[in-house]
Amino acid sequence: MAELNLILLGPPGSGKGTQAERIREDEDLAYIATGDMLRQAVADGTPLGLQAKGFMDAGELVPDDVIIGMIGDRLSSADARDGFLLDGFPRTIAQAEALDAALREHGRDITTVLLFDVADEEIVRRISGRRVSASGRVYHVDFDPPKVEGVDDVDGTPLVQRDDDRPETVLRRLSVYHEQTAPLVGYYEERGLLQSIDATVSPSQVAEHVRSTLATLKRESDF
Ligand code: AP5
């Protein structure tokens, strides 16, 4: 049986993390989110975290060699051998080529790339209202609020705003997306891997679209 190897692609705040939570309820996949890995490294004060923090706070990408080194080990770890869900990686053509090479070496392939399509104005509204739990669960004060204001539904810990969600940093992250990450749309389109998802509708409607896209893929292949 083939593996299900998914990539979530889209601008900051397009709902990749929100939908990753829902996909993981349905599919048993190793979840690999480079932003979460980097924030953990920053919180732990590791050399990787110290190196990454300045780039992240400025809304810039962490250099490719750092990210490619970090992801390589994770992709070959035991839990990722039967399928993975990549969130926030790759983000440059160099990262995509490195991923292709790493997978090819082990006879593996990407199953599909889900592109979350949302306009920039909506992104700013979403990110300004985003709140996250210590364990990474994502909420929005208006669009996806917790049951009790300011508190995580699952473990009751306080919700906080991410350091890089300040308005000026968000605008920089958006332009970095257009300059460095958007070229991946063409890269994966040429390879016949891209599935575009209208991410402007509610989180549940987006989840439904993702579910039906994956169901169609499953009917067409054997994972
Ligand atoms: P990362 O953590 O990956 O951030 P990002 O890609 O900018 O994406 P976000 O986490 O901001 O958004 P999301 O798409 O997950 O949206 P979410 O579901 O939270 O990266 C952070 C930084 O790390 C980068 O800037 C960079 O410095 C570095 N980095 C990471 N990976 C790297 C790499 N590969 N190379 C180099 N550097 C790297 O949703 C956003 C909000 O909207 C939430 O409040 C949510 O509740 C709400 N929402 C979600 N869906 C909907 C909907 N359908 N309708 C209304 N509201 C919604």
Inset, instruction - Name the one entry in Val170, Val154 that is among the hydrophobic types (A, V, I, L, M, F, W, C), part of a helix (DSSP H, G or I) and under 24 Å from Met37 (Cβ atoms). - result: Val170
Legend entry - Positions within region 49-72 being away from the ligand (no atom under 12 Å from the Cβ) and within 18 Å of the chain's Cα centre (by Cα), in sequence order: Gly72
Inset, instruction - Could you please give the count of residues in region 161-179 that are modelled with pLDDT of 95 or more and either farther than 30 Å from Val113 by Cβ or open to solvent by less than 70 Å² (accessible area, probe 1.4 Å) (or both)? - result: 5
Legend entry - Evaluation of Val124 against (1) outside any helix (DSSP H, G or I); (2) more than 8 Å from the ligand (Cβ to nearest atom); (3) open to solvent by 20 Å² or more (accessible area, probe 1.4 Å) (one fails), failing number: (1)
Legend entry - Options Val66, Val42, Val62; residue that is open to solvent by less than 40 Å² (accessible area, probe 1.4 Å) and part of a helix (DSSP H, G or I): Val66
Legend entry - Every residue from region 176-197 that is over 26 Å from Gly59 (Cβ atoms) and assigned to a strand (DSSP E or B): Gln195
Legend entry - Thr18, sole failed condition from (1) at pLDDT 95 or above; (2) within 13 Å of the ligand (Cβ to nearest atom); (3) not hydrophobic (A, V, I, L, M, F, W, C): (1)
Inset, instruction - Just give me the residues in region 26-39 being within 12 Å of Met70 (Cβ to Cβ) and either without any contact (Cβ under 8 Å) to a residue 24 or more places away in the chain or open to solvent by 60 Å² or more (accessible area, probe 1.4 Å) (or both), in sequence order. - result: Asp36
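The values are calculated or read from the model by the stated rules, or taken from the named source; none is laboratory data. Computed from a prediction, not measured in an experiment: that's the story for all the values here. With ideal geometry, Cβ positions are generated from the backbone for all residues, glycine too; neighbour counts draw on all protein chains shown. Keep in mind that these areas ignore ligands, DNA and RNA; they rest on the heavy atoms of the full protein, side chains included. Shrake-Rupley method; radii C 1.70, N 1.55, O 1.52, S 1.80 Å.
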